Amino acid sequence: MSDFTNKTVIITGAAMGLGLAAAEELASRGANLALVDYNQDALNKAKDELSGKYPDAKFLTVMADVSNEEAVKGYVNATVKEFGKIDGFYNNAGIEGKQAPLTEYDVNVFKKVVDINLMGVYYGLRYVIPVMQKNGGGRIVNVASVGGIRGVMNQTPYVATKHAVAGMSKNAALEYGRYGILTNAIAPGAIKTPMVAEAFREVNPDNPQAAEDEYASRNPTKKLGKSSDVASLVAFLLSDQNGYISGQVIAIDGGESNIY
Ligand code: NAD
(Lines give C-alpha, C1' and ligand atoms only; values in the text may rest on other atoms or scores of the structure.)
Protein backbone atom coordinates (compact mmCIF):
# COMPACT_ATOMS: atom_id res chain seq x y z
CA MET A 1 0.00 0.00 0.00
CA SER A 2 1.21 3.47 -0.85
CA ASP A 3 -0.37 6.83 -0.17
CA PHE A 4 -1.83 7.13 -3.70
CA THR A 5 -3.23 3.59 -3.95
CA ASN A 6 -6.74 3.78 -5.47
CA LYS A 7 -6.28 7.49 -6.16
CA THR A 8 -6.68 8.88 -9.66
CA VAL A 9 -4.62 11.87 -10.74
CA ILE A 10 -4.76 13.76 -14.04
CA ILE A 11 -1.49 15.32 -15.19
CA THR A 12 -1.48 17.73 -18.13
CA GLY A 13 1.77 18.29 -19.99
CA ALA A 14 2.73 14.82 -18.80
CA ALA A 15 5.03 13.81 -21.66
CA MET A 16 8.14 15.60 -20.42
CA GLY A 17 9.63 18.00 -17.90
CA LEU A 18 7.73 18.71 -14.68
CA GLY A 19 4.68 16.68 -15.73
CA LEU A 20 6.68 13.54 -16.45
CA ALA A 21 8.64 13.85 -13.20
CA ALA A 22 5.37 14.07 -11.25
CA ALA A 23 4.01 11.06 -13.16
CA GLU A 24 7.03 9.09 -12.08
CA GLU A 25 6.70 10.15 -8.43
CA LEU A 26 2.96 9.42 -8.30
CA ALA A 27 3.26 6.09 -10.15
CA SER A 28 5.88 5.01 -7.62
CA ARG A 29 3.36 5.82 -4.89
CA GLY A 30 0.54 3.76 -6.41
CA ALA A 31 -1.62 6.31 -8.27
CA ASN A 32 -3.78 5.60 -11.32
CA LEU A 33 -2.67 8.23 -13.80
CA ALA A 34 -4.33 10.01 -16.72
CA LEU A 35 -1.45 11.43 -18.75
CA VAL A 36 -2.49 14.29 -21.03
CA ASP A 37 -0.32 15.97 -23.65
CA TYR A 38 -0.58 17.32 -27.18
CA ASN A 39 2.66 15.68 -28.26
CA GLN A 40 1.51 12.14 -29.11
CA ASP A 41 4.98 10.69 -29.76
CA ALA A 42 6.43 12.04 -26.54
CA LEU A 43 3.33 10.88 -24.66
CA ASN A 44 3.66 7.32 -26.00
CA LYS A 45 7.34 7.28 -25.13
CA ALA A 46 6.62 8.52 -21.60
CA LYS A 47 3.92 5.89 -21.10
CA ASP A 48 6.20 3.09 -22.33
CA GLU A 49 8.97 4.20 -19.98
CA LEU A 50 6.64 4.53 -17.00
CA SER A 51 4.91 1.18 -17.68
CA GLY A 52 8.32 -0.50 -17.87
CA LYS A 53 9.35 0.94 -14.51
CA TYR A 54 5.99 0.54 -12.76
CA PRO A 55 4.32 -2.56 -14.25
CA ASP A 56 1.55 -2.59 -11.62
CA ALA A 57 0.53 1.04 -12.19
CA LYS A 58 -2.43 1.94 -14.41
CA PHE A 59 -1.96 4.60 -17.06
CA LEU A 60 -4.43 6.22 -19.41
CA THR A 61 -2.99 8.46 -22.10
CA VAL A 62 -5.10 11.15 -23.74
CA MET A 63 -3.81 13.30 -26.56
CA ALA A 64 -5.34 16.73 -26.03
CA ASP A 65 -4.48 20.37 -26.48
CA VAL A 66 -5.44 22.06 -23.21
CA SER A 67 -6.30 25.29 -25.04
CA ASN A 68 -9.18 23.48 -26.77
CA GLU A 69 -12.23 23.38 -24.49
CA GLU A 70 -13.72 20.29 -26.16
CA ALA A 71 -10.42 18.46 -25.81
CA VAL A 72 -10.36 19.32 -22.10
CA LYS A 73 -13.89 17.94 -21.66
CA GLY A 74 -12.59 14.90 -23.53
CA TYR A 75 -9.69 14.18 -21.17
CA VAL A 76 -11.87 14.70 -18.09
CA ASN A 77 -14.58 12.36 -19.43
CA ALA A 78 -12.05 9.76 -20.53
CA THR A 79 -10.50 9.75 -17.05
CA VAL A 80 -13.85 9.33 -15.32
CA LYS A 81 -14.78 6.55 -17.76
CA GLU A 82 -11.53 4.70 -17.12
CA PHE A 83 -11.05 5.23 -13.38
CA GLY A 84 -14.49 6.37 -12.09
CA LYS A 85 -13.29 9.51 -10.29
CA ILE A 86 -10.62 12.20 -10.04
CA ASP A 87 -8.80 12.71 -6.73
CA GLY A 88 -5.96 14.91 -7.88
CA PHE A 89 -5.36 17.31 -10.73
CA TYR A 90 -1.92 18.56 -11.73
CA ASN A 91 -2.83 21.41 -14.09
CA ASN A 92 0.68 21.76 -15.45
CA ALA A 93 0.77 22.19 -19.25
CA GLY A 94 2.18 25.54 -20.30
CA ILE A 95 4.52 27.26 -22.71
CA GLU A 96 6.98 30.11 -22.41
CA GLY A 97 6.35 31.80 -25.75
CA LYS A 98 9.17 33.78 -27.34
CA GLN A 99 11.32 36.35 -25.59
CA ALA A 100 10.85 39.97 -26.69
CA PRO A 101 10.20 43.38 -25.14
CA LEU A 102 6.53 44.17 -24.46
CA THR A 103 6.04 46.65 -27.33
CA GLU A 104 7.69 44.32 -29.85
CA TYR A 105 5.98 41.12 -28.76
CA ASP A 106 4.38 39.12 -31.61
CA VAL A 107 0.64 39.43 -30.91
CA ASN A 108 -0.14 35.95 -32.26
CA VAL A 109 2.41 34.36 -29.96
CA PHE A 110 1.01 36.46 -27.11
CA LYS A 111 -2.49 35.09 -27.78
CA LYS A 112 -1.19 31.53 -27.99
CA VAL A 113 0.45 31.88 -24.57
CA VAL A 114 -2.85 33.20 -23.18
CA ASP A 115 -4.80 30.35 -24.79
CA ILE A 116 -2.58 27.65 -23.31
CA ASN A 117 -1.36 29.07 -19.99
CA LEU A 118 -4.53 30.90 -18.94
CA MET A 119 -7.49 29.37 -20.79
CA GLY A 120 -6.00 25.86 -20.65
CA VAL A 121 -5.70 26.06 -16.87
CA TYR A 122 -9.17 27.58 -16.60
CA TYR A 123 -10.86 24.89 -18.76
CA GLY A 124 -9.17 22.22 -16.66
CA LEU A 125 -10.54 23.73 -13.45
CA ARG A 126 -13.97 24.21 -15.01
CA TYR A 127 -14.39 20.53 -15.91
CA VAL A 128 -12.42 18.78 -13.15
CA ILE A 129 -13.96 20.63 -10.19
CA PRO A 130 -17.54 19.34 -10.73
CA VAL A 131 -16.23 15.75 -10.76
CA MET A 132 -14.37 16.38 -7.50
CA GLN A 133 -17.47 18.00 -5.99
CA LYS A 134 -19.42 14.82 -6.70
CA ASN A 135 -16.66 12.72 -5.11
CA GLY A 136 -16.67 14.81 -1.96
CA GLY A 137 -13.33 16.55 -2.51
CA GLY A 138 -9.93 16.55 -4.13
CA ARG A 139 -6.60 18.30 -4.49
CA ILE A 140 -5.54 20.63 -7.30
CA VAL A 141 -2.11 22.01 -8.13
CA ASN A 142 -1.93 24.65 -10.84
CA VAL A 143 1.47 25.57 -12.22
CA ALA A 144 2.31 29.25 -12.03
CA SER A 145 5.97 30.33 -11.92
CA VAL A 146 8.27 32.81 -10.21
CA GLY A 147 6.94 34.84 -13.16
CA GLY A 148 3.56 34.57 -11.42
CA ILE A 149 4.99 36.46 -8.42
CA ARG A 150 7.23 39.05 -10.05
CA GLY A 151 8.29 40.33 -13.48
CA VAL A 152 10.69 38.56 -15.83
CA MET A 153 12.42 40.56 -18.58
CA ASN A 154 11.07 40.01 -22.10
CA GLN A 155 8.34 37.56 -21.06
CA THR A 156 5.22 39.72 -20.75
CA PRO A 157 2.56 37.15 -21.77
CA TYR A 158 4.22 34.44 -19.69
CA VAL A 159 4.30 36.71 -16.63
CA ALA A 160 0.73 37.95 -17.24
CA THR A 161 -0.68 34.43 -17.61
CA LYS A 162 1.24 33.03 -14.64
CA HIS A 163 -0.09 35.86 -12.43
CA ALA A 164 -3.52 34.84 -13.74
CA VAL A 165 -2.88 31.23 -12.73
CA ALA A 166 -1.98 32.43 -9.22
CA GLY A 167 -5.21 34.44 -9.10
CA MET A 168 -7.41 31.61 -10.39
CA SER A 169 -5.91 29.29 -7.79
CA LYS A 170 -6.88 31.69 -5.00
CA ASN A 171 -10.42 31.98 -6.34
CA ALA A 172 -10.87 28.23 -6.82
CA ALA A 173 -9.71 27.78 -3.21
CA LEU A 174 -12.26 30.33 -1.99
CA GLU A 175 -15.19 29.04 -3.99
CA TYR A 176 -14.68 25.26 -3.66
CA GLY A 177 -13.00 24.80 -0.28
CA ARG A 178 -16.42 24.03 1.19
CA TYR A 179 -16.57 20.95 -1.05
CA GLY A 180 -13.33 19.56 0.32
CA ILE A 181 -11.30 20.74 -2.65
CA LEU A 182 -7.92 22.27 -1.79
CA THR A 183 -6.37 24.28 -4.62
CA ASN A 184 -2.87 25.72 -4.72
CA ALA A 185 -0.44 27.09 -7.26
CA ILE A 186 3.25 26.32 -7.33
CA ALA A 187 5.77 28.88 -8.53
CA PRO A 188 8.91 27.13 -9.76
CA GLY A 189 12.08 29.06 -10.47
CA ALA A 190 14.44 27.70 -13.13
CA ILE A 191 14.10 23.93 -13.12
CA LYS A 192 16.08 21.86 -15.62
CA THR A 193 13.49 20.76 -18.17
CA PRO A 194 13.28 20.86 -21.99
CA MET A 195 11.43 24.22 -21.72
CA VAL A 196 14.21 25.86 -19.75
CA ALA A 197 16.90 24.36 -22.00
CA GLU A 198 15.14 26.04 -24.93
CA ALA A 199 15.04 29.37 -23.04
CA PHE A 200 18.81 29.24 -22.49
CA ARG A 201 19.29 28.47 -26.21
CA GLU A 202 17.24 31.57 -27.00
CA VAL A 203 19.23 33.77 -24.61
CA ASN A 204 22.61 32.56 -25.91
CA PRO A 205 22.33 30.45 -29.09
CA ASP A 206 26.12 30.04 -29.34
CA ASN A 207 26.63 28.99 -25.75
CA PRO A 208 23.45 27.97 -23.86
CA GLN A 209 25.58 26.49 -21.07
CA ALA A 210 27.02 29.97 -20.37
CA ALA A 211 23.47 31.34 -20.09
CA GLU A 212 22.57 28.53 -17.70
CA ASP A 213 25.70 29.08 -15.56
CA GLU A 214 25.04 32.81 -15.41
CA TYR A 215 21.44 32.22 -14.33
CA ALA A 216 22.45 29.66 -11.71
CA SER A 217 25.06 32.04 -10.28
CA ARG A 218 22.29 34.53 -9.44
CA ASN A 219 20.30 31.94 -7.44
CA PRO A 220 20.99 31.85 -3.67
CA THR A 221 21.72 28.10 -3.99
CA LYS A 222 23.97 28.64 -7.06
CA LYS A 223 22.18 25.94 -9.00
CA LEU A 224 19.00 25.21 -10.94
CA GLY A 225 16.28 23.04 -9.46
CA LYS A 226 15.55 19.46 -10.52
CA SER A 227 12.16 18.31 -11.79
CA SER A 228 12.18 15.69 -9.02
CA ASP A 229 12.35 18.55 -6.45
CA VAL A 230 9.10 19.89 -7.88
CA ALA A 231 7.52 16.43 -8.11
CA SER A 232 7.99 15.88 -4.35
CA LEU A 233 6.19 19.14 -3.55
CA VAL A 234 3.38 18.39 -6.00
CA ALA A 235 2.87 14.88 -4.60
CA PHE A 236 2.62 16.31 -1.09
CA LEU A 237 0.07 18.95 -2.13
CA LEU A 238 -2.00 16.33 -4.00
CA SER A 239 -1.91 13.84 -1.12
CA ASP A 240 -4.08 13.50 1.98
CA GLN A 241 -1.04 14.70 3.94
CA ASN A 242 -2.08 18.13 2.77
CA GLY A 243 -5.08 18.66 4.99
CA TYR A 244 -5.33 22.44 5.17
CA ILE A 245 -3.10 24.25 2.66
CA SER A 246 -5.26 26.00 0.06
CA GLY A 247 -5.20 29.19 -1.99
CA GLN A 248 -1.43 29.55 -1.73
CA VAL A 249 1.21 30.32 -4.32
CA ILE A 250 4.16 28.25 -3.19
CA ALA A 251 7.55 29.22 -4.58
CA ILE A 252 10.02 26.44 -5.27
CA ASP A 253 13.00 28.38 -6.49
CA GLY A 254 15.95 28.09 -4.08
CA GLY A 255 14.90 31.42 -2.56
CA GLU A 256 15.30 33.35 -5.82
CA SER A 257 12.00 35.23 -5.58
CA ASN A 258 13.22 36.95 -2.39
CA ILE A 259 16.09 38.73 -4.11
CA TYR A 260 15.58 42.47 -4.25
P1 NAD B 1 8.30 21.36 -20.98
O2 NAD B 1 8.21 22.15 -22.24
O3 NAD B 1 9.58 20.68 -20.66
O4 NAD B 1 7.10 20.31 -20.92
C5 NAD B 1 5.78 20.76 -21.10
C6 NAD B 1 4.89 19.65 -21.58
O7 NAD B 1 3.58 20.23 -21.78
C8 NAD B 1 5.32 19.08 -22.92
O9 NAD B 1 5.21 17.67 -22.89
C10 NAD B 1 4.34 19.72 -23.92
O11 NAD B 1 4.10 18.88 -25.05
C12 NAD B 1 3.10 19.87 -23.06
N13 NAD B 1 2.20 20.93 -23.53
C14 NAD B 1 2.53 22.20 -23.83
N15 NAD B 1 1.44 22.86 -24.28
C16 NAD B 1 0.42 21.97 -24.27
C17 NAD B 1 -0.94 22.05 -24.63
N18 NAD B 1 -1.47 23.17 -25.16
N19 NAD B 1 -1.73 20.96 -24.47
C20 NAD B 1 -1.20 19.82 -23.98
N21 NAD B 1 0.09 19.67 -23.65
C22 NAD B 1 0.89 20.74 -23.79
O23 NAD B 1 7.93 22.40 -19.82
P24 NAD B 1 8.18 22.30 -18.23
O25 NAD B 1 9.40 23.05 -17.91
O26 NAD B 1 8.01 20.91 -17.76
O27 NAD B 1 6.96 23.20 -17.76
C28 NAD B 1 5.76 22.67 -17.23
C29 NAD B 1 5.01 23.80 -16.56
O30 NAD B 1 5.82 24.38 -15.55
C31 NAD B 1 4.64 24.95 -17.51
O32 NAD B 1 3.37 25.46 -17.16
C33 NAD B 1 5.72 25.97 -17.22
O34 NAD B 1 5.31 27.28 -17.52
C35 NAD B 1 5.91 25.77 -15.73
N36 NAD B 1 7.17 26.25 -15.21
C37 NAD B 1 8.34 25.65 -15.54
C38 NAD B 1 9.51 26.15 -15.00
C39 NAD B 1 10.83 25.51 -15.29
O40 NAD B 1 11.83 26.04 -14.84
N41 NAD B 1 10.90 24.40 -15.99
C42 NAD B 1 9.50 27.24 -14.15
C43 NAD B 1 8.28 27.83 -13.85
C44 NAD B 1 7.12 27.32 -14.37
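Right, Gly88: surrounded by fewer than 19 Cβ atoms within 10 Å (Cβ to Cβ) and small (Gly, Ala, Ser) or not? So Gly88 does not fit the description; no. You will find that of Ala231, Ala211, the residue that is of a type in the set (Gly, Ala, Ser) and touching a Phe, Trp or Tyr at 6+ places or on another chain (Cβ under 6 Å) is Ala211 and no other. The requirement of being loosely packed, with under 13 Cβ neighbours inside 10 Å, under 20 Å from the mean Cα position of the chain (by Cα) and modelled with pLDDT of 95 or more is fulfilled nowhere in segment 219-238; no residue meets it.
Tell me, please, whether a residue that is within 26 Å of Gly243 (Cα to Cα), more than 14 Å from the ligand (Cβ to nearest atom), over 16 Å from the mean Cα position of the chain (by Cα) and of a type outside the set (D, E, K, R) can be found in segment 43-62. Within segment 43-62 (the criterion being within 26 Å of Gly243 (Cα to Cα), more than 14 Å from the ligand (Cβ to nearest atom), over 16 Å from the mean Cα position of the chain (by Cα) and of a type outside the set (D, E, K, R)), the answer is yes, since at least one residue qualifies.
Residues in segment 105-144 that are of a type in the set (S, T, N, Q) and crowded, with 24+ Cβ neighbours inside 10 Å: 2 in all.
Of all residues in segment 22-42, count the ones that are within 13 Å of the ligand (Cβ to nearest atom) and surrounded by fewer than 23 Cβ atoms within 10 Å (Cβ to Cβ).
Of the residues in segment 22-42, 6 are within 13 Å of the ligand (Cβ to nearest atom) and surrounded by fewer than 23 Cβ atoms within 10 Å (Cβ to Cβ).
When Tyr179, Tyr158 are screened for being modelled with pLDDT of 95 or more, touching a Ser or Thr at 6+ places or on another chain (Cβ under 9 Å), surrounded by 14 or more Cβ atoms within 10 Å (Cβ to Cβ) and among the hydroxyl-bearing types (Ser, Thr, Tyr), only Tyr158 passes. Test Ser246 against the stated conditions and say whether it is under 30 Å from Ile181 (Cα atoms), in the same structural domain as Arg29 (by TED's automatic domain parsing) and not in a helix (DSSP H, G or I). The answer is yes for Ser246. Every residue in segment 95-104 that is loosely packed, with under 14 Cβ neighbours inside 10 Å and touching a residue at least 12 places away in the same chain (Cβ under 8 Å), please. Scanning segment 95-104 gives Pro101, Leu102.
Restricting attention to segment 43-66, which residues are outside any loop (DSSP other than H, G, I, E, B) and either exposed (fewer than 14 other Cβ atoms within 10 Å of the Cβ) or among the hydrophobic types (A, V, I, L, M, F, W, C) (or both)? Spell out the reasoning first.
Just the residues of segment 43-66 that are outside any loop (DSSP other than H, G, I, E, B), to begin with: 43-53, 59-63.
Matches in segment 43-66: Leu43, Ala46, Asp48, Glu49, Leu50, Gly52, Lys53, Phe59, Leu60, Val62, Met63.
Among helices (runs of 4 or more DSSP H) entirely within segment 110-229, having at least 1 residues that are away from the ligand (no atom under 14 Å from the Cβ) and assigned by TED's automatic domain parsing to the domain that holds Gly243 singles out 120-135, 156-176.
The values are calculated or read from the model by the stated rules, or taken from the named source; none is laboratory data. Computed from a prediction, not measured in an experiment: that's the story for all the values here. Methodologically, a virtual Cβ is constructed for each residue, glycine included, from the backbone with ideal geometry; neighbour enumeration extends over all protein chains shown.
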